[in-house]
Protein chains: 2
Amino acid sequence: MLAKNNNCVQNLPMKTTKKRSSDKKITLVDVADASGVSAITVSRVINQPEKVSESLRIQVQKAIDSLGYIPNQHASSLASSRSKVIGVAIPSLSNIVFTEVLRGIYEVMGAAGYKVLLVDTHYSPLEEEKMVRTLLSQSPEGLIITGGDQTKACQNFLQKARIPIVQIMELLAEPIDMNVGFAHGRAGFDVVQHLLGQGYQRIGFIGARMDPRVQQRMQGYKLALEQAGKFDKNFIVTTPEPSSTGVGGELFKSLMASTSGVIDAVFCVNDDLALGALFEAQRMNIRVPEDLAICGFNDIEVGAYTNPSLTSVSVGRYEMGVKASEMIIRVLNDKPVESKKVDMGYEIKKRASTSRL
Amino acid sequence: MLAKNNNCVQNLPMKTTKKRSSDKKITLVDVADASGVSAITVSRVINQPEKVSESLRIQVQKAIDSLGYIPNQHASSLASSRSKVIGVAIPSLSNIVFTEVLRGIYEVMGAAGYKVLLVDTHYSPLEEEKMVRTLLSQSPEGLIITGGDQTKACQNFLQKARIPIVQIMELLAEPIDMNVGFAHGRAGFDVVQHLLGQGYQRIGFIGARMDPRVQQRMQGYKLALEQAGKFDKNFIVTTPEPSSTGVGGELFKSLMASTSGVIDAVFCVNDDLALGALFEAQRMNIRVPEDLAICGFNDIEVGAYTNPSLTSVSVGRYEMGVKASEMIIRVLNDKPVESKKVDMGYEIKKRASTSRL
DNA sequence: TCTGCAAATGATAGCGCAATCATTGCGCTT
DNA sequence: AAGCGCAATGATTGCGCTATCATTTGCAGA
């Protein structure tokens, strides 16, 4: 377990076998000695430079640079109980939805000097619990987690942590602390309203990886169709596997097969599925939107350029990441947060794939 | 700067104003006291359970659970100089290429008990240098960084760190330590060969965000056309802005305009651009592949389902992340690494968008 | 001139944990 | 019965840094 540094050494121009000054880690004290000040002054130069006279500051900075000193963040965190770390838990790295949220988080947190420790929960509350423990062991100053599907134990940990926490992606009745999201159920409802408004009558549903948010969209779909007296459970096709364009095409085929093609519109629970359905429809020589409407969800960029362009529900993913981060930073700076619950809303982007009128 | 915990408190059922046991952080010593053993024994139960008798282990574990103890990783890292952190630097979070590599990294590193600290360098060596400092301040046990475009200072830091480092995505002549990637130049060359083989004569090039790897692909493209005596610098259209489907369409339009439409094939430097070009070609009523071939790069999933399906260069992104991680873990476990340089190769997926024969 | 106060710098202690070495007790050999 | 080796547990120390309080210096105001 010792001597794990022996690999890179060969890349360095080993001068002699004599002990080299660069062999041991450089600490605050080394910098202090080199610049003839006390350790605490070096610490100040790094963390509160305004408290050190300019001459000393320059002198110390020179020593820092020439020694190549890099502070040990663990020691700093331990001594100050401030880690400058924000924990983030998302269910999947391969879903563009989350990576865009992440972008927003990184943008804001990076600018504010926070590091982001990211974990992937694989859509599993149990794994999430484990990952949250991991995050908490790093004493993060704040936490951003996805949804409200935590285990009881996990909720306990989170509350005990006494740090600002934002649950993102969906709106929760009882958030652990703060909450930023939008109403998936209402969005699903509105999509169906739009399709009905365009004169489509038999509206199918395609879903994959039925996570809580997808379920809510489906409930909205169902409610709208029930109100219109047009709900038929046979029009729903779902699979627990991850969604993808390929799966979208397959589900579309099986929907058309199982309903003998009476379907005249499909609400796909995300754009990957919708693209798969669209391309499959083209191959089946089904005209979109004349014979069939296709609506996606998330409004990924490519949907605006397909032929026909794809109707979808636009969501401020990047903005959600930004908002959640800003809320945490406000709390950390003891500034008031306007509201603990923020509804980011959504917008149905009506494009060619659903306009028959 | 004090009292930053006051926000979440209101979510907790405050029993009384008396001091509550859960108010202070629980440490190893608390667990030790609660279970009647010494601190070091608790430490062993957590880190080397096989060294503690079963009875004690159970007894201590009970105390850990009931107190909800979560170890302080900073203290642990400081005392043991093992952080269980791997640093990862990528140029962009919004590029699917990197998120798939990340998936591979997370899969392997997570399973091996390592946390991943991820930073985004925004394609800037200067920002990368800053970010690498941030990573190193966390005393990572290993590092995965993208490409070989580091600043001199950054290289210095990296070598001084004496930890296993893998540079990924491209093959480097002189890697800092280890290297996993593939030959972008050769891939570009092979794409052109393929197009020429299909009888296309005037092959255009569309590129965006011309990072080093994209440049290499372009050099390969150029070399192949020069060898065939068919290079024309007017057939190249690039932009420094980030690539996207929208940009792909625009660049395609301007390529066709500036060349009066003599182009009969386009090599797009990635699939986003290629999709944009394909959809734009459809709108311009250009038949693909009869009148025009389109080839992308990266082989993202949706390209296999468009009509026509998109020829692209498939790269083992996930596998690259896995490989890099495995190499680091081997080094950390003092196991030999077969080779410090690994060529992951690539494969041209020949699909309908380029088959005229 | 002296007092008083703020700015600049330093000395000390301790954050929570694990490395290291010490101690105990037990079963085994001879 | 004495000695040995090993497994299980504990006491001490220090990782590198910052909080806290102490000290020094410079300078304005009386």
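Points to keep in mind about this one:
- Elements of type helices (runs of 4 or more DSSP H) in the stretch A:149-254, at least 2 residues being in contact with a His (Cβ under 7 Å, 6 or more places away or on another chain): A:212-227
- Test result for A:Ile348, within 17 Å of A:His194 (Cβ to Cβ), more than 14 Å from chain B (Cβ to nearest Cβ) and of a type in the set (A, V, I, L, M): yes
- Positions within the stretch B:39-62 being more than 7 Å from DNA strand D (Cβ to nearest atom), farther than 16 Å from B:Ala79 by Cα, among the aliphatic types (A, V, I, L, M) and surrounded by 16 or more Cβ atoms within 10 Å (Cβ to Cβ), in sequence order: B:Val45, B:Val60
- Among residues of the stretch B:249-269 that are more than 18 Å from B:Gly188 (Cβ to Cβ) and polar (S, T, N, Q), those with a beta-carbon under 8 Å from a residue that is assigned to a strand (DSSP E or B) and modelled with pLDDT of 95 or more at least six positions away or on a different chain give the pairs B:Ser254/B:Val237; B:Ser258/B:Val237; B:Thr259/B:Gly204.
- Residue-level check: of (1) in contact with a helix residue (DSSP H, G or I) (Cβ under 8 Å, 6 or more places away or on another chain); (2) more than 12 Å from DNA strand C (Cβ to nearest atom), A:Lys24 misses just (1).
- B:Ser137, sole failed condition from (1) within 10 Å of chain A (Cβ to nearest Cβ); (2) in contact (Cβ under 8 Å) with a residue 40 or more places away in the chain: (2)
- Residues of the stretch B:75-108 that are within 16 Å of DNA strand D (Cβ to nearest atom), over 13 Å from B:Leu28 (Cα atoms) and assigned to a helix (DSSP H, G or I): B:Ser77, B:Leu78, B:Ala79, B:Ser80.
- Note on the stretch A:305-322: among residues that are buried (at least 22 other Cβ atoms within 10 Å of the Cβ) and in contact with a strand residue (DSSP E or B) (Cβ under 9 Å, 6 or more places away or on another chain), the one that is farthest from A:Gly188 (Cα to Cα) is A:Gly321.
Each row is one residue, and each column tells you yes or no for (1) touching a strand residue (DSSP E or B) at 6+ places or on another chain (Cβ under 7 Å); (2) within 30 Å of A:Ser312 (Cα to Cα).
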residue	(1), (2)
A:Val132	yes, no
A:Leu136	no, no
A:Leu158	yes, no
A:Met178	yes, yes
A:Tyr200	yes, yes
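- Hey, A:Val331 surrounded by 24 or more Cβ atoms within 10 Å (Cβ to Cβ), in contact with a strand residue (DSSP E or B) (Cβ under 8 Å, 6 or more places away or on another chain) and facing chain B (nearest Cβ under 10 Å) or not: yes
- Being in contact (Cβ under 8 Å) with a residue 24 or more places away in the chain, in contact with a Ser or Thr (Cβ under 8 Å, 6 or more places away or on another chain) and at positive phi holds for only one residue in A:Met169, A:Met210, and it is A:Met169.
Conditions tested, residue by residue: (1) surrounded by fewer than 24 Cβ atoms within 10 Å (Cβ to Cβ); (2) charged (D, E, K, R); (3) on the phi < 0 side of the Ramachandran plot.
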| residue | (1), (2), (3) |
| --- | --- |
| B:Asp271 | no, yes, yes |
| B:Ala274 | no, no, yes |
| B:Pro289 | yes, no, yes |
| B:Phe297 | no, no, yes |
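- Check on A:Ala153, crowded, with 20+ Cβ neighbours inside 10 Å, at the interface with another protein chain (Cβ under 9 Å from one of its Cβ atoms) and at pLDDT below 95: no
- Hits in the stretch A:36-58 - residues which are polar (S, T, N, Q), in a helix (DSSP H, G or I) and more than 8 Å from DNA strand C (Cβ to nearest atom): A:Ser43, A:Asn47
- Selection count, the stretch A:253-291, where residues are modelled with pLDDT under 95 and under 15 Å from A:Asn307 (Cα atoms): 0
- Pick from the stretch A:312-357, criterion part of a loop (DSSP other than H, G, I, E, B) and of a type in the set (A, V, I, L, M), ranking: farthest from A:Gly181 (Cα to Cα): A:Leu357
- Failed item, numbered, when A:Lys84 is tested on (1) surrounded by 13 or more Cβ atoms within 10 Å (Cβ to Cβ); (2) without any contact (Cβ under 8 Å) to a residue 40 or more places away in the chain: (2)
- Answer residue from the stretch A:121-146, given it is of a type in the set (S, T, N, Q) and more than 23 Å from A:Glu241 (Cβ to Cβ) and is surrounded by the most Cβ atoms within 10 Å (Cβ to Cβ) among those: A:Gln138
- Scan of the stretch B:285-311 for residues that are β-branched (Val, Ile, Thr), over 20 Å from the mean Cα position of the chain (by Cα) and assigned to a loop (DSSP other than H, G, I, E, B), ordered by number: B:Ile286, B:Val288, B:Thr306
- Options A:Arg217, A:Arg186, A:Arg213, A:Arg209; residue that is touching a Pro at 6+ places or on another chain (Cβ under 6 Å) and basic (Lys, Arg): A:Arg209
The values are calculated or read from the model by the stated rules, or taken from the named source; none is laboratory data. Everything numeric here is computed off the predicted structure, so don't read it as measured data. Neighbour counts run over all protein chains shown; Cβ positions are idealised from the backbone, glycine included.
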